[in-house]
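Worksheet for the structure shown next.
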Amino acid sequence: MVLVTHGDQKYRNSEKLAEASDWPALSIEHRKFDAGRQETPVPICTELVMLLSGGGMVCRAGNGEVQKSLARPGMSYLVPVGTQESHLELSDRMECLHLYLPPALLDQSALADFDIDPARIEIAYAHGLADQVLFHLCSPLRDLLHRPRQPTDALFVEGIQVALAAHLLGHYTIDRWRAPEKAPSLDPRRLQRVLDYIEASLGGDVRLEDLAAQACLSPYHFSRLFREATGLSPHRYVTDRRVQAARHELARDRLSLVEIALEFGFGSQANFTRVFRKAASLTPGQYRELCCGQADVKSARSDTALRRDCA
């Protein structure tokens, strides 16, 4: 029996890169999103969303609770079955892995692993989960979607779904999970103002003092709080955003390398090549050839990862 899910109804404006839906207790989708609002149907199974690449503000509301968080790769979001979501909006492009679990699997795990009456448990509507155990447990499923099926896959998936159910019940029931504390000096509104300023200034000289001024903080306190909120220093975050913007422009094959270097604040083609090679393990020219289908790439892993960026 195939698990019935709600992904196509909820994420109509996304691109579904791959899926596996022929297991009765787990369905997996790999999706790419542009910025914007998503649909909010009532979920018919529990959904776990894991951010693989990209990032930005995730604003959502469900069961009367409003949640805002800065999503970055490795973070996860939970949407329990029956959640009354009224709003879901992404501020930027993101690539996510979606796992869908039937209520029966959680009920069985509640009885077998915790000796709890399933009627008394409820998974939390949780956001911004920087749970490395959860991420490393589930992220191998992405590779499963992009390779031929193997005879051992069913056993592999079964092991993950049982471990996942136990982990969710052990850490993310409503009586166990607590929302992450918000830094009082860098609330989501001011953080978003800083991120918007960075996006509008990628082609120019982005100074630490200017970013701190957007947050109404001293440069010292801003640097510390920005790293706590995003996991990156201001300089690293700006560099990553410039490289990501350059990747999209390289894939469009419109501007020369010099024009892209100047457009996104690298200053010169030489500096652009140095920074881009460090981030992507390819020169800008090699990356463009790969995206445009003009080059043979020896590493299958690099080819797969980079084509996802170019898609």
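The values are calculated or read from the model by the stated rules, or taken from the named source; none is laboratory data. It should be emphasised that the depicted structure is a prediction, and the values quoted were computed from it without experimental measurement. Quick reminder, even Gly has a Cβ in these numbers, built from the backbone with ideal geometry, and neighbours come from all protein chains shown. Ligands, DNA and RNA are excluded from the accessible area calculation, which covers all protein heavy atoms including side chains. Shrake-Rupley method; radii C 1.70, N 1.55, O 1.52, S 1.80 Å.
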Looking at segment 159-170, is at least one residue open to solvent by 80 Å² or more (accessible area, probe 1.4 Å), in a helix (DSSP H, G or I) and either in contact (Cβ under 8 Å) with a residue 12 or more places away in the chain or of a type outside the set (V, I, T) (or both)? no
If you take the residues in segment 194-228 that are polar (S, T, N, Q) and not in a loop (DSSP other than H, G, I, E, B), which one is least open to solvent (accessible area, probe 1.4 Å)? S223
Restricting attention to segment 273-285, which residues are more than 26 Å from the chain's Cα centre (by Cα) and not β-branched (V, I, T)? R274, G285
Consider L155 carefully, then state whether it is of a type in the set (A, V, I, L, M, F, W, C) and either open to solvent by less than 40 Å² (accessible area, probe 1.4 Å) or touching a residue at least 24 places away in the same chain (Cβ under 8 Å) (or both). no
Is there any pair with a first residue in segment 182-193 that is assigned to a helix (DSSP H, G or I) and among the acidic types (D, E) and a second that is modelled with pLDDT of 60 or more and open to solvent by 40 Å² or more (accessible area, probe 1.4 Å) whose Cβ atoms are under 6 Å apart and which are 6 or more apart or on different chains, and what are they? none
Can you report the number of residues in segment 247-282 which are within 19 Å of H235 (Cα to Cα), in contact with a Phe, Trp or Tyr (Cβ under 9 Å, 6 or more places away or on another chain) and not charged (D, E, K, R)? 9
Of all residues in segment 268-286, which are at pLDDT below 90 and either farther than 25 Å from G55 by Cβ or crowded, with 18+ Cβ neighbours inside 10 Å (or both)? A280
Pull up segment 90-138, narrow it to residues that are among the small types (G, A, S) and farther than 30 Å from L195 by Cβ, then point me to the one that is modelled with the highest pLDDT. A104
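Is it true that Y100 is in a loop (DSSP other than H, G, I, E, B) and touching a Gly at 6+ places or on another chain (Cβ under 8 Å)?
No; evaluated as a whole, the condition is false for this residue.
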Within segment 116-134, restricting attention to residues that are open to solvent by less than 40 Å² (accessible area, probe 1.4 Å) and not in a loop (DSSP other than H, G, I, E, B), which residue is farthest from H30 (Cα to Cα)? P118
Please list, ordered by first then second residue, the pairs with beta carbon atoms under 6 Å, 6 or more apart or interchain, first in segment 268-279 and assigned to a helix (DSSP H, G or I), second hydroxyl-bearing (S, T, Y) and open to solvent by less than 80 Å² (accessible area, probe 1.4 Å). T273/T283; R277/T283
